[in-house]
Amino acid sequence: KLTKETCEKYDYFTSSDEIGKVQVAPYRDQSGRVTGQKVRGRGKRFYTTGDFSDVQLFGQHLWRKGGKRLLITEGEVDALSAYQILGGSWPVVSLPSGAQSAVKAIKTNLEFVESYEQIILCFDMDEAGQEAAKEVSEFLTPGKVRVMEITEKDANDMLLANKVAEFTKAFWEARSI
């Protein structure tokens with residue numbers, strides 16, 4: 001259900017590799033130069049190319065430092081889904097390698113993340129995602145972090161289930177932790 005406009009905004013595209021059609025998410029280093037790609041094949045088969053040693057959060061290059069709210073998701077497709085659901089009104093970024101990368105990725109990009117008044121986490125509603133949200137909230141400025149509670153596993157599942165209004169409400173009602 002992602003639109004062409006949403007994918008183009010984030011430079012997210014499809015290509016082919018030796019096993020067939022894939023989705024490609026470009027990753028940028030701290031200077032904004034594309035240094036790697038995360039490739040997603042059928043059945044959530046992922047691999048990366050290039051250098052991921054010092055990358056921005058996915059989509060970070062699209063947003064200025066500072067502002068009212070920043071939404072962080074676990075994955076690229078979730079970031080695209082959340083951006084689209086919210087009508088492109090708020091900055092949305094994602095972690096480069098899911099919940100297990102949350103602490104490292106956010107610490108690497110701490111200046112950008114902390115430049116926002118509210119940091120809203122929409123990690124997966126599984127144990128790993130919720131534990132990652134807790135770990136991240138422990139080192140960010142107290143009072144800034146909010147956690148969304150949604151009824152599907154992630155932002156993309158909310159979009160697929162046509163729960164746009166429910167997702168938007170969860171964004172505005174994210175609880176402080």
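The values are calculated or read from the model by the stated rules, or taken from the named source; none is laboratory data. In this text, all values refer to a predicted model and were calculated from it rather than measured experimentally. Cβ sites come from the backbone with ideal geometry, for glycine too, and all protein chains shown count toward neighbours. Areas reflect the complete protein model, heavy atoms only, side chains present, ligands, DNA and RNA absent. Shrake-Rupley method; radii C 1.70, N 1.55, O 1.52, S 1.80 Å.
For this structure, a couple of remarks:
- Cross-link reach list, lysines versus Lys21, counting only Cα pairs under 20 Å and skipping chain neighbours closer than eight places: Lys1, Lys4, Lys38, Lys44
- Within segment 1-147: Cβ-based charge dipole about Cα centre, in debye rounded to nearest 20 (Lys, Arg +1; Asp, Glu -1): 380 debye
- Phi-derived couplings, Karplus 6.51 cos²θ - 1.76 cosθ + 1.60 at θ = phi - 60°, listed residue by residue for segment 133-138: 4, 5, 4, 5, 5, 6 Hz, with x used for Gly and Pro.
- Using the rule -39500 (n - 2.57) for each DSSP H run of four or more residues, divided by the residues of the chain, the 222 nm mean residue ellipticity is -8000 deg cm²/dmol.
- Of the solvent-accessible surface of segment 33-80, computed with a 1.4 Å probe over protein heavy atoms with every protein chain present, carbon and sulfur atoms account for 47 percent.
- Net charge in the neighbourhood of Leu121 (other residues with Cβ under 13 Å of its Cβ; Lys, Arg +1, Asp, Glu -1) is -3.
- Mean Cβ count within 10 Å, highest first, over the residues of peptides 69-75, 129-135, 39-45: 69-75, 129-135, 39-45
- Lysine pairs in segment 50-177 with Cα atoms under 21 Å, if 8 or more residues apart or on separate chains: 15
- DSSP-defined antiparallel bridges as percent of all bridges, the chain, nearest 5: 65 percent
- Probe 1.4 Å, protein heavy atoms only - accessible area per residue of the chain in square angstrom: 48 Å²
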